[in-house]
1. Loop only per DSSP, at most 13 neighbouring Cβ atoms within 10 Å: give me the trypsin sites (Lys or Arg not before Pro) in the range 1-83, ordered by residue number.
2. Pick out, in residue order, every one of the chymotrypsin sites (Phe, Trp or Tyr not before Pro) in the range 40-137 that is DSSP loop and has at most 14 other C-beta atoms within 10 Å; say none if there are none.
3. If DNA, RNA and ligands are ignored and the probe is 1.4 Å, what is the ranking of ARG156, ARG126 by accessible area, most exposed first?
4. Counting helices only, and only those DSSP H runs with n ≥ 4, report the 222 nm mean residue ellipticity of the chain as the sum of -39,500 (n - 2.57) divided by its residues, in deg cm²/dmol to the nearest 500.
5. Based on Cα coordinates alone, diagonalise the gyration tensor for the range 189-306, multiply each eigenvalue by 5, take square roots, and list the semi-axes in whole Å, largest first.
6. How large is the Kirkwood hydrodynamic radius of the range 1-203, counting all unique pairs of alpha carbons, in Å?
7. With every protein chain kept in the model, how would you rank ASP222, ASP164, ASP59, ASP357 by accessible area, 1.4 Å probe, largest at the top?
8. Counting only protein heavy atoms and a 1.4 Å probe, tell me what percentage of the chain's accessible area is made up of carbon and sulfur.
Amino acid sequence: QCTYLEIEQAERTHAVVLSRPAWLWGAEMGANEHGVCVGNEGVWSREPLGEGEALLGMDLVRLALERGGSAREALEVITALLERYGQGGSCKEEPVPFVYHNTFLLADRAEAWVLETAGRYWAAQRIREGSRNISNQLSIGSDIAAEHPGLRERARSRGWWSGDGEFSFAEAFSLDKQPPRMEAAKARFQAGKELLRQHAGHITAETLMSILRDKESGICVDAEGFRTAGSMVSVLPRDPALPCVHFFTATPDPSRSVFKPFVFVAGIKPVPQVSSPTFLQDPAKQIPRFQSSVDRRHELYRRHQAALELMEQDQEWGQKLLETLRELEKQGLEGMRELLEGTVSPCPEELADLFFDCVEAEMKFYT
């Protein structure tokens, strides 16, 4: 059972860690036990937005992680399900529907892909070197490694491509007049590209954390009631003997949050402090949907929000708290480096408790 649709079950699924809006089944980003990472973003194109409920892009993120043992397999999971079930349904927990199509970043230890969609149509680009970002717009040009079998015919029949010369997915399927959200995304996409270019050749986990915290570019948003939600950075060593380390904030606004490390091992300690409550009478599951609202904040989120309010009232104290939190993050990053360099060999129990311990430590600072 996904957010709106029920689909056929897979014979077996992989262990996953997910960062997701609490009301739905899917996820905005996450990783699986094989070091596959997937994230998505909303996009609008010339293909009409389906009014009916189908798979959300966030459902596709989770399904890709549960069923894909590699980035390529995850991509094939998404495209097969997209072609079969389509995408659609409201992506927001509000009575007025908010609908979009999706773009995805997929990576594992060995390769990375960008997958962009317009309705049931799609194009995928394989990233062979350097860095790549996405930001609420179609960005795949003619460098297409895989595509929907009817993609070019669709573009030609609609008059979006003449059928002669080079085919660019972004040119053919992008809207002539972009919604205001998409216009703002152009500047954000360019800023992300430039920030990555500045660090070319020596991009670290800290580099990505600093980019995700960049407010000037609009990558980190904290304005007009809209705030960047959870953030995630993953380190995927090419050596399969080394573990992948996934850092999650589990709270909004990365500029005022802590990235905490998570490693897949047997017997991971559950972390109820970052699991949202469930409701018997859930307004997201009752038809008509979203007629009432419930408080879905988990314990860490509540404490984090209370601390933010205090930080704004007492800036000196707020600055000290932020420095303390950064110190906690630094310890996690140093621990990861020692683990990947082989200078320490923590026992599996320590790694199983790692994320739980970091969340506990953060919560103590808030009280």
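The values are calculated or read from the model by the stated rules, or taken from the named source; none is laboratory data. Note that the structure is a prediction, hence the values are computed from the model and not measured. Reconstructed Cβ throughout: ideal geometry from the backbone, glycine too, with neighbour counts over all protein chains shown. Just so you know, the surface numbers come from the protein's heavy atoms only, side chains and all, with ligands and any DNA or RNA stripped out. Shrake-Rupley method; radii C 1.70, N 1.55, O 1.52, S 1.80 Å.
1. Working: sites: ARG12, ARG46, ARG62, ARG67, ARG72; in loops: ARG12, ARG46.
Sparse-neighbourhood loop trypsin sites (Lys or Arg not before Pro): ARG12.
2. Values: sites: TRP44, TYR85, PHE98, TYR100, PHE104, TRP113, TYR121, TRP122; in loops: TRP44, PHE98, TYR100.
For chymotrypsin sites (Phe, Trp or Tyr not before Pro) across the range 40-137 that sit outside H, G, I, E and B with at most 14 neighbouring Cβ atoms in 10 Å, the list reads PHE98.
3. On the way: ARG156 110, ARG126 75 Å².
So, going from the largest accessible area down, we get ARG156, ARG126.
4. Numbers: 9 runs with 126 residues, N = 367.
One gets -11000 deg cm²/dmol as the mean residue ellipticity at 222 nm.
5. Numbers: eigenvalues 184, 98, 33 Å².
Over the Cα atoms of the range 189-306, the ellipsoid semi-axes are 30, 22, 13 Å.
6. Details: mean 1/r = 0.0575 Å⁻¹.
One decimal place: 17.4 Å for the Kirkwood radius.
7. Working: ASP222 55, ASP164 115, ASP59 0, ASP357 80 Å².
Largest accessible area first, the list is ASP164, ASP357, ASP222, ASP59.
8. Working: 9000 of 18240 Å².
C and S fraction of accessible area: 49 percent.
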